[in-house]
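Input: a single structure, listed below in structure tokens.
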Amino acid sequence: MADALGWRKKIGVIIPSTNTIVEPDIYRMTVPGVTAHISRIHIHNPDLSSDGVFERLLEGLRVELAAAVARVMTARPDYLMMGMSAETFWDGVEGNRRFKQQITELSGLPVATGAEACERALRLLKVRRIGVVTPYQPVADRNVMRFFADLGVEVVTLKGLRCPDAIAIAEVQEEALRQTLIELSSDRVEALVQVGTNLSMVRLADEAERWLGKPVIAINAATWWMALRDNNIGDRIDGCGRLLRDF
């Protein structure tokens with residue numbers, strides 16, 4: 001018997017415990033009959049102030065990941081979505097493939113990652129040169145750049161906001177992000193990509209596509225788009241960017 005509200009699909013969403021943006025972003029992008037069910041990875045120390053502590057946060061996240069997957073599986077979802085992005089870019093395209101395999105082995109389910117969602121979007125849009133905004137420290141920015149390089153996509157411009165901790169990512173205001181998008185855009189840049197799921201960019205990306213005249217891919221919108229389309233949910237959603245509106 002189908003779920004009373006998730007009668008089309010139930011999607012389990014794994015996020016860091018510090019993340020306050022993914023869940024409301026999904027509410028913004030909801031479609032009838034599809035429900036999202038959040039499981040949080042316990043982040044013991046949200047410090048991101050240097051490369052070393054950023055890597056230690058990811059190490060702790062990896063320890064806690066299996067438990068978060070096990071918890072959401074008790075809701076019997078049909079599919080999983082990763083509401084975190086740094087780990088999905090780590091070690092390039094091959095690292096993302098290994099990460100997806102790990103989650104599928106834990107859950108028995110297919111999974112959408114932010115990295116693969118960006119890959120699919122750029123291929124669909126036939127984009128080869130991008131500007132990127134991240135909330136990260138340099139070590140994570142290098143992994144993001146490696147991922148896109150593995151795809152044959154040139155990162156023409158990149159700005160890492162160097163947020164001091166995981167909570168501060170959600171405190172970056174729209175005006176700062178708007179100015180960053182303007183700084184990153186140039187005639188050589190065919191599209192802009194935002195990574196870091198705790199940055200609030202879904203609404204702004206939709207707006208920026210109009211005044212920049214090019215695609216602006218917000219990571220949460222792209223990953224939700226991948227999750228919906230993988231499940232043959234073709235609903236078009238306005239106000240959340242070109243991917244969900246047109247594809």
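What about residue 243, is it out of contact with any Cys (no Cβ under 9 Å at 6 or more places or on another chain), at pLDDT 95 or above and surrounded by 20 or more Cβ atoms within 10 Å (Cβ to Cβ)?
Working: out of contact with any Cys (no Cβ under 9 Å at 6 or more places or on another chain): yes; at pLDDT 95 or above: yes; surrounded by 20 or more Cβ atoms within 10 Å (Cβ to Cβ): yes.
Answer is yes for this residue.
Kindly indicate whether residue 127 is part of a loop (DSSP other than H, G, I, E, B), among the hydrophobic types (A, V, I, L, M, F, W, C) and in contact with a strand residue (DSSP E or B) (Cβ under 9 Å, 6 or more places away or on another chain).
Judged against the criteria, residue 127 is a match.
Any idea which of 179, 173, 194 is at pLDDT 95 or above and surrounded by 18 or more Cβ atoms within 10 Å (Cβ to Cβ)?
The conditions single out 194.
Which ones in the stretch 72-89 are more than 19 Å from the chain's Cα centre (by Cα) and outside any loop (DSSP other than H, G, I, E, B)?
Restricting attention to the stretch 72-89, the residues satisfying the condition of being more than 19 Å from the chain's Cα centre (by Cα) are 73-78.
Across the stretch 72-89, the qualifying residue is only 73.
Residues considered: 83, 114, 92. Of these, the only one that is over 18 Å from residue 226 (Cβ atoms), touching a residue at least 24 places away in the same chain (Cβ under 8 Å) and in contact with a helix residue (DSSP H, G or I) (Cβ under 6 Å, 6 or more places away or on another chain) is 92.
The sole residue among 132, 69 that is assigned by TED's automatic domain parsing to the domain that holds residue 229, on the phi < 0 side of the Ramachandran plot, touching a Leu at 6+ places or on another chain (Cβ under 6 Å) and buried (at least 17 other Cβ atoms within 10 Å of the Cβ) is 69. Would a scan of the stretch 41-58 turn up a residue that is more than 25 Å from residue 141 (Cβ to Cβ), touching a helix residue (DSSP H, G or I) at 6+ places or on another chain (Cβ under 8 Å) and buried (at least 22 other Cβ atoms within 10 Å of the Cβ)? Checking the stretch 41-58: not a single residue is more than 25 Å from residue 141 (Cβ to Cβ), touching a helix residue (DSSP H, G or I) at 6+ places or on another chain (Cβ under 8 Å) and buried (at least 22 other Cβ atoms within 10 Å of the Cβ). Within the stretch 34-71, the set of residues being in a loop (DSSP other than H, G, I, E, B), over 20 Å from the mean Cα position of the chain (by Cα) and in contact (Cβ under 8 Å) with a residue 60 or more places away in the chain comprises 49, 50.
The values are calculated or read from the model by the stated rules, or taken from the named source; none is laboratory data. All values derive from a computational prediction rather than experimental measurement. So basically every Cβ, Gly included, is an ideal-geometry build from the backbone, and we count neighbours across all protein chains shown.
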